[in-house]
Amino acid sequence: MINNTRTSHEIHATPPGDLAIWFFIFAELLAFGVFFVAYAFARAHNVELFNESQQHLNRLSGAINTLVLITSSYFMVRAVAAIKQGYSILCARWIASAIGLGFVFLAIKMAEFHEKFSAGISLSTNTFYMFYLSLTLFHFMHVILGMVILAAIMLKARNGSYSPANHTGVETGASYWHMVDLLWIILFPLVYVIR
Amino acid sequence: MDTPHEPHFIRPCTRIWLVLMALTCSTFAIGETGWSGTAVMLTVLGTAVIKVEMVANYFMGLRRTRWLWRGIVLGWLILVSGLITIAYLMTVK
């Protein structure tokens, strides 16, 4: 059975949130997908260079950032659950927690960038670093955009603009944030681990 | 921040969150060993594919939507991970 109400275990006709965000999400998946595949084929032509350069990445900070984004994504699941129960303030708190972890991600990533830039590494250092810096910077900007979206939703939730019957905005923001998490889940093993 | 009468999706999502954390730690551990080779690559990439499916189906809620929506994400995932695998296998002598 297909319907658009989200209070049961039934199959829904559309994904959670505003349908427009899903077209945006699919476009982002496509863009990052091309980037990931380009990285893999560039590596195929420079295996030694990629493997050697990868050794200088901070794998621990990459792994911690994965844990941070996954947890932040889970907090958005809790935010959606809270608003479905009618707890606006609780919803806003979960979103604030998700944003807080977003700041942790950015701080760790900026420390990583600082380390690389201080060592004189730039986009023109070699092909690996060109991909590493552009891929992670591209994702970094998506994290910032996600945090801005979540902040706007958090303020609306705190003002009581959402309810169990009207919470599409929260689901829309959560969907975008999950996409940011999903992309990092591929980026981390691809760039930091696989050799 | 727990509340009574949580929606039905919270418990499975909490379990998924814990599994995702564990799988991330296993990927990191593999990276720390310095192992390489086709089997290791397939294990790490396969783990990422499973994690993405978990996020899409549980966190994004696609498992309760029409197959079309899940199919788009799954199709993208198969295409991207398949091409990454082909690119990797090109380098194996």
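The values are calculated or read from the model by the stated rules, or taken from the named source; none is laboratory data. Since we're looking at a predicted model, the values are computed, not measured. Quick reminder, even Gly has a Cβ in these numbers, built from the backbone with ideal geometry, and neighbours come from all protein chains shown. All accessible areas refer to the heavy atoms of the entire protein, side chains included, with ligands and DNA or RNA removed. Shrake-Rupley method; radii C 1.70, N 1.55, O 1.52, S 1.80 Å.
Chains A and B together bury some 4900 Å² of accessible area, summed over both sides, with a 1.4 Å probe.
The ellipsoid equivalent to the alpha-carbon distribution of segment A:108-191 has semi-axes of 35, 13, 8 angstrom, derived from the gyration tensor eigenvalues as √(5λ) and listed largest first. If I fit a long axis through the Cα atoms of helix A:59-84 and take the longest principal axis of the Cα atoms of chain A, what angle between them do I get, 0 to 90°, rounded to 10? Approximately 10 degrees, to the nearest 10.
Taking only Cα atoms, what is the 0 to 90° angle, nearest 10, from helix A:88-118's long axis to the longest principal axis of chain A? It works out to around 10 degrees. Axis angle, to the nearest 10 degrees, between helix B:10-33 and the longest C-alpha principal axis of chain B: 20 degrees. Counting Cβ atoms of other protein chains within 10 Å of each Cβ in A:172-181 and taking the mean gives 3.
Using a Gaussian network model of chain B in which every pair of alpha carbons under 10 angstrom is joined by a spring, one finds that among B:Gly34, B:Gly61, B:Gly71 the greatest mean-square fluctuation is at B:Gly34.
Put simply, the convex hull of the Cα atoms in segment A:47-193 casts, on average, a shadow of 8.2 nm². Put simply, when A:10-19, A:153-162 are sorted by average Cβ atoms within 10 angstrom per residue, most first, you get A:153-162, A:10-19.
If you place +1 on the Cβ of every Lys and Arg, -1 on the Cβ of every Asp and Glu, and leave all else neutral, what size is the dipole of segment B:10-89 about its Cα centre, to the nearest 20 Debye?
It works out to roughly 500 debye.
Peptide A:51-62 has a mean of 1 when you count, residue by residue, the C-beta atoms of other protein chains within 10 Å of its C-beta. The mean number of Cβ atoms from other chains found within 10 Å of a Cβ in peptide A:81-88 is 3, as a whole number. Projecting the Cα positions of B:Leu74, B:Leu42, B:Ala87 onto the charge dipole of segment B:10-89 (unit charges on Cβ atoms of Lys, Arg, Asp and Glu, taken about the Cα centre) puts B:Leu74 furthest along the positive direction. Which of A:Met141, A:Ala119, A:Ala81 sits closest to the plus end of the dipole of the protein assembly as shown, meaning its Cα is farthest towards the positive end, when Lys and Arg get +1 and Asp and Glu get -1 on the C-beta? About the Cα centre, the residue reaching furthest to the positive side is A:Ala81.
Can you give me the accessible area per residue for the protein assembly as shown, using a 1.4 Å probe, in Å²? Working shown, then result.
Values: 12140 Å² over 288 residues.
Accessible area per residue, the protein assembly as shown: 42 Å².
Here's the picture: charge each Lys and Arg Cβ at +1 and each Asp and Glu Cβ at -1 in segment A:29-113, and of A:Val37, A:Ala96, A:Gln54 the one pushed furthest to the positive end of that dipole is A:Ala96.
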